[in-house]
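Below is one structure, written out as structure tokens; comments come after it.
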Amino acid sequence: MPVDKDVLIDLRDASLSYVREHQRVSVLENLSLRIARAETCAIVGKSGSGKTTLMHVLGLLHRPTCGTYQFNGLQTSAATADELASVRNQQIGFVFQSFHLLPRLSALDNVALPLFYRGLGQRERRARALAHLQRLGLSDRAQHRPAELSGGQCQRVAIARALVTDPTLILADEPTGNLDQGSAGDILALLLEVSRRAATTVVIVTHDPLIARRCKRQFEVVEGRLRETSRTVDGSDASIQ
Amino acid sequence: MVAMRAFNSAHSASGPSTAQHVLEAISGLRGLRHRALLALLGIVMGSACIISLINIGRNAAQEMARIFQSMGTDKLVVQFPYSPQTKARLPGSLDVAQVLRSVPSVTAAAPIAVKSAKVFRGGRSVDVSIVGATASFARIIGLSVQRGRFISPFDDVETFAVVGPSVARALSSGGSTLQTGMTLRIGGYFFTVIGMTDTLPANPMLPNGLDDSVFIPLNSMRRVQPGYELSSVIAQAAPEMDPGDAAKDLKQYLSALLPGRAVEIQAAQQLLDGLRRQSRVLSYLLGALGAISLLLGGVGVMNVMLMSVTERRKEIGVRMALGARPRDIRTLFLLEAICLSACGSALGAVLGIAFAYLFARFCDWQFFLALDALAIGIGSAASIGVFFGLYPAIAASRLEPVTQFRDF
């Protein structure tokens, strides 16, 4: 099987299920997904359809029960926990649905945290984190703790934390869910701009069709199955379904 | 693929440094606040107990040894316990020369007779122990005179008296301090003061405080108490002899010499060994007490850390998502436990030493710091922290990154 250099995500026949009270619960069924570098994708679906789980699988937080997942050339089923941690640290930026900022740390230190696991010194960590907070217009909030920030500000801190490592892939779970229309537009524009400029792949889980429409590819998860609903080629819509 | 591996090794080689981990752990502890304080208290109490108790034990043992060493460990004290079965009268004295010839393992012996009496001088009187003694008594027990002289072999039945320092003080008034050459009245007789002794530390082998005694020649004892009896004999074992063996020989000889009376001999060495054993047992007991409180502290640390792991599952998940390896998570929690117990044991050490010092001051002992107690206290407290912190840390590192988010 030739490895396509441009393919970042190559998920084949992946299923995910777990056992609860002696019953097998299937979350994802027979999913296949190939995403190239620098592509922007939206995954939509009802709550409970499995889209967040799919994001966790793509982000190497959860291994599929069966099927294969090759990320940037790495066969994840063969990788150790340390290797996966390293890939997450170096190549993947997460923006979680409920931010998941550490409440004890200042905004600055929250953004700097991924760099800690890269082994950078505190001075450099903070310098880089501050640069990213500035980029998101939050430099005056650097020393505030998450509890002292508004929802929108927390969201931007979470995005800064995802961007600070210059990842290959950004996985964003409802990144605009807590924002008003205007801020949501700004955040989306920022993510798309990062994708364009740094050739970063962006996968956004959302239920907002307006946001989904601005991504190059759109997928829908229905009861654990995935289908591609729309693919934009050179700016023009071309539904393949 | 190759690029990936290179990537990984670069990551593990340049993972967070120890100092970075420590700083992270400390900031984690600050988040635990009062619960961390509770666990800290357990560790503090445990190490304070161990350090102070072992230290006190050591000080006590040293104090006892010091008292004995002032007199020497080769001393023997003979006593003649009185009981209805053994009520034969004792002689007033002993032929010391004969004793030394017959018992070669003993190099010196001093018979004494003791009686309580009132001593008068001018308008003052004081209750003292009158000790009828011979010249060798002072030499054997290491009693020195600060003025005048002690009883000599030539004093025999002279009415001479040597007074202890407390007696000298009690019989001195404002303008007239007690001097040698002055006279004291004991019973119906006047005695001339020929000397004053130095203070001798209290000794568990000698029945009464010698500082409160007035020494007179043994043969003059009959003036104070007609028909007096021997109270005890202080003897010294020959240098090359085991004091225990010398005690046996002396006992055999005296039992034959004084039929109808029980003879009991205490060797300073035996007493000292007994006391050492006692103080060792005391140390063990106190140490065990400290160990128990430390164990409780350790369980407290484990409790706090386990609660912390449960409470911070989300944080663990976030850290893992951001690239923390299982070992980074383990290090984080282990270091928190170590910091907790290190702070606790340092505080406990200060507290324990302070308590041991106060105790020594209170008992009027010489204080010294038992370094091994300090090492044992701090070392055990710190290792308890590590031991009890290890399980929660490993539990934290084994969590699957994604399960942490399920609650949300």
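Taking region B:80-108 as the region of interest, how many residues are of a type in the set (S, T, N, Q) and either touching a helix residue (DSSP H, G or I) at 6+ places or on another chain (Cβ under 6 Å) or buried (at least 16 other Cβ atoms within 10 Å of the Cβ) (or both)?
Of all residues in region B:80-108, those of a type in the set (S, T, N, Q) come to B:83, B:85-86, B:93, B:98, B:102, B:105, B:107.
From what's left, either touching a helix residue (DSSP H, G or I) at 6+ places or on another chain (Cβ under 6 Å) or buried (at least 16 other Cβ atoms within 10 Å of the Cβ) (or both): B:93, B:102, B:105, B:107.
Result for region B:80-108: 4.
Checking the structure you have, find out if any residue of region A:21-28 is more than 10 Å from chain B (Cβ to nearest Cβ), on the phi > 0 side of the Ramachandran plot and among the charged types (D, E, K, R). Please lay out each step first, then the result.
Initially, region A:21-28 is screened for residues more than 10 Å from chain B (Cβ to nearest Cβ), giving A:21-28.
Now narrow it down to the ones that are on the phi > 0 side of the Ramachandran plot: A:21-22.
Pick out the ones that are also among the charged types (D, E, K, R) and you get A:21.
Checking region A:21-28: at least one residue is more than 10 Å from chain B (Cβ to nearest Cβ), on the phi > 0 side of the Ramachandran plot and among the charged types (D, E, K, R).
Can you name every residue in region B:130-159 that is among the hydroxyl-bearing types (S, T, Y) and either in a helix (DSSP H, G or I) or under 19 Å from B:F190 (Cβ atoms) (or both)? Reasoning before the result, please.
Start the filter on region B:130-159 by keeping residues that are among the hydroxyl-bearing types (S, T, Y), which leaves B:134, B:136, B:144, B:152, B:159.
Correct list: B:S136, B:T159.
Note on region B:371-397: residues that are small (G, A, S) and under 11 Å from B:R330 (Cβ atoms) total 5. Take the conditions touching a strand residue (DSSP E or B) at 6+ places or on another chain (Cβ under 7 Å), closer than 30 Å to A:V87 by Cβ, among the aliphatic types (A, V, I, L, M) and in contact (Cβ under 8 Å) with a residue 24 or more places away in the chain and apply them to B:A321. Does it pass? The answer is yes for B:A321. When the residues of region B:321-346 are filtered to those that are touching a Leu at 6+ places or on another chain (Cβ under 8 Å), at pLDDT 90 or above and part of a helix (DSSP H, G or I), the one that is farthest from the other protein chains (Cβ to nearest Cβ) is B:I329. Per the listing A:A147, A:A112, A:A81, A:A142, the residue uniquely within 10 Å of chain B (Cβ to nearest Cβ) and among the hydrophobic types (A, V, I, L, M, F, W, C) is A:A81. Among the residues making up region B:86-116, those that are touching a residue at least 24 places away in the same chain (Cβ under 8 Å) and within 35 Å of the chain's Cα centre (by Cα) are B:S105, B:V106, B:T107, B:A108, B:A109, B:A110, B:P111, B:I112, B:A113, B:V114, B:K115. Of A:I170, A:I204, A:I187, all but one fail to be part of a helix (DSSP H, G or I), under 18 Å from A:A42 (Cβ atoms), of a type outside the set (G, A, S) and in contact with a helix residue (DSSP H, G or I) (Cβ under 9 Å, 6 or more places away or on another chain); the exception is A:I187. For region A:32-133, the strands (runs of 3 or more DSSP E) that sit wholly inside it and include 1 or more residues that are crowded, with 18+ Cβ neighbours inside 10 Å, touching a residue at least 40 places away in the same chain (Cβ under 8 Å) and of a type in the set (S, T, Y) are A:40-45, A:66-71.
Going by the structure shown, is B:R261 at negative phi, more than 14 Å from every other protein chain (Cβ to nearest Cβ) and surrounded by fewer than 15 Cβ atoms within 10 Å (Cβ to Cβ)? If you could, list the steps in order and put the result at the bottom.
On the way: at negative phi: yes; more than 14 Å from every other protein chain (Cβ to nearest Cβ): yes; surrounded by fewer than 15 Cβ atoms within 10 Å (Cβ to Cβ): no.
In short, no.
The values are calculated or read from the model by the stated rules, or taken from the named source; none is laboratory data. Since the model is a prediction, treat every value here as computed from it, not as a measurement. Ideal geometry is used to build each Cβ from the backbone, glycine not excepted, and the neighbour counts take in all protein chains shown.
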